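This report concerns only the one structure given below.
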């Protein structure tokens, strides 16, 4: 569905996107992640035809987004981070207007507006002025706008921006539902949402692709997935030295707690689980041990590992 080949975008001396290549297959829900200023929005704007590239090519459903721009854009439903809405229009009126702008005839407009109002849960507000809607409903109107011409591909830039937890959950379920019939490329900072709904993740930083794989594969490969924490009451220097000598342990850090208690974090080799050895060492030295657990890696760990500057 999407093929990006050596795409770059330069602004004067600043190169926002640097020679990136990736693909998104039909039917995938792909998370496009990166810190602020990483080049995410610039990439999405190039894919949707809002910005020309400095170099490189990209195709949407086999249409070149630059030489066949109109045909490519007809395949795309784009929801930008800050959804531009005409606040003095009613919801149904606005969606009808947008459908006509996108080339739908009268009968298709009537049918598609009804479909997206139902799909996006806008039935109760279809006659309301957009300026009276909550942030959550405005996001739904923006999503309905992206869907109204029935595109094959949805590109969503921070679709849950500014929403409360309940609204985020509702939008997440809606995106998951849409993924059954559409290809979805979604940019967001809420990494737990990506883990729940995305088949694959692309991480960009400094304008370059840092990783592209399934969330499970990325987590299993990262150092952060191999981390043990233990709370022990003993001399910190002695504990740190003894635990650091265990075979699979690469590094030990200490965080003082109340009294003589401290929390020790052990970074270990990938796949290693030395909890039994830690318990044995604590018993050998007579250290009180009140907590011992293995940290389960998350997509957030992967993100921090790949994009941190230290």
Discussion item. Tell me which helices (runs of 4 or more DSSP H) are completely within region 34-128 and hold 2 or more residues being within 23 Å of the chain's Cα centre (by Cα), buried (at least 18 other Cβ atoms within 10 Å of the Cβ) and in contact (Cβ under 8 Å) with a residue 24 or more places away in the chain, or say none if there are none.
Written reply: 40-47
Discussion item. Would you confirm whether or not region 238-261 contains a residue that is assigned to a strand (DSSP E or B), outside the structural domain of residue 15 (by TED's automatic domain parsing) and either more than 37 Å from the chain's Cα centre (by Cα) or under 30 Å from residue 3 (Cα atoms) (or both)?
Written reply: yes
Practice prompt. Tell me which residues, restricted to region 288-299, are touching a helix residue (DSSP H, G or I) at 6+ places or on another chain (Cβ under 7 Å) and modelled with pLDDT of 80 or more.
Written response: 289, 292, 294, 299
Worksheet, complete the sentence: Residues of region 172-192 being assigned to a helix (DSSP H, G or I), under 9 Å from the mean Cα position of the chain (by Cα) and under 25 Å from residue 60 (Cα atoms), in sequence order, are none
Worksheet item: Quick check: is even one residue across region 198-207 under 19 Å from residue 305 (Cβ atoms), part of a helix (DSSP H, G or I) and not assigned by TED's automatic domain parsing to the domain that holds residue 302?
Response: no
Fill in: Residue in region 261-286 that is modelled with the lowest pLDDT, counting only those that are touching a helix residue (DSSP H, G or I) at 6+ places or on another chain (Cβ under 8 Å) and crowded, with 18+ Cβ neighbours inside 10 Å
266
Worksheet item: Which of the residues that make up region 19-33 are more than 14 Å from the chain's Cα centre (by Cα) and crowded, with 17+ Cβ neighbours inside 10 Å?
Response: 20, 22, 24
Worksheet item: Does region 156-171 contain at least one residue that is buried (at least 17 other Cβ atoms within 10 Å of the Cβ), in a strand (DSSP E or B) and outside the structural domain of residue 290 (by TED's automatic domain parsing)?
Response: yes
Worksheet item: When the residues of region 140-149 are filtered to those that are over 13 Å from residue 83 (Cα atoms) and in contact with a helix residue (DSSP H, G or I) (Cβ under 6 Å, 6 or more places away or on another chain), which remaining residue is surrounded by the fewest Cβ atoms within 10 Å (Cβ to Cβ)?
Response: 147
Worksheet item: Taking region 126-169, which residues are at pLDDT below 85 and closer than 27 Å to residue 75 by Cβ?
Response: 160, 161
Item to complete: Within region 230-251, identify whether any single residue is touching a residue at least 60 places away in the same chain (Cβ under 8 Å) and closer than 30 Å to residue 17 by Cα, and answer yes or no.
Response: no
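The values are calculated or read from the model by the stated rules, or taken from the named source; none is laboratory data. The shown structure was predicted, so the numbers you read here are calculated from the model rather than taken from an experiment. Glycine also receives a Cβ, built like all others from the backbone with ideal geometry; neighbour counts cover every protein chain displayed.
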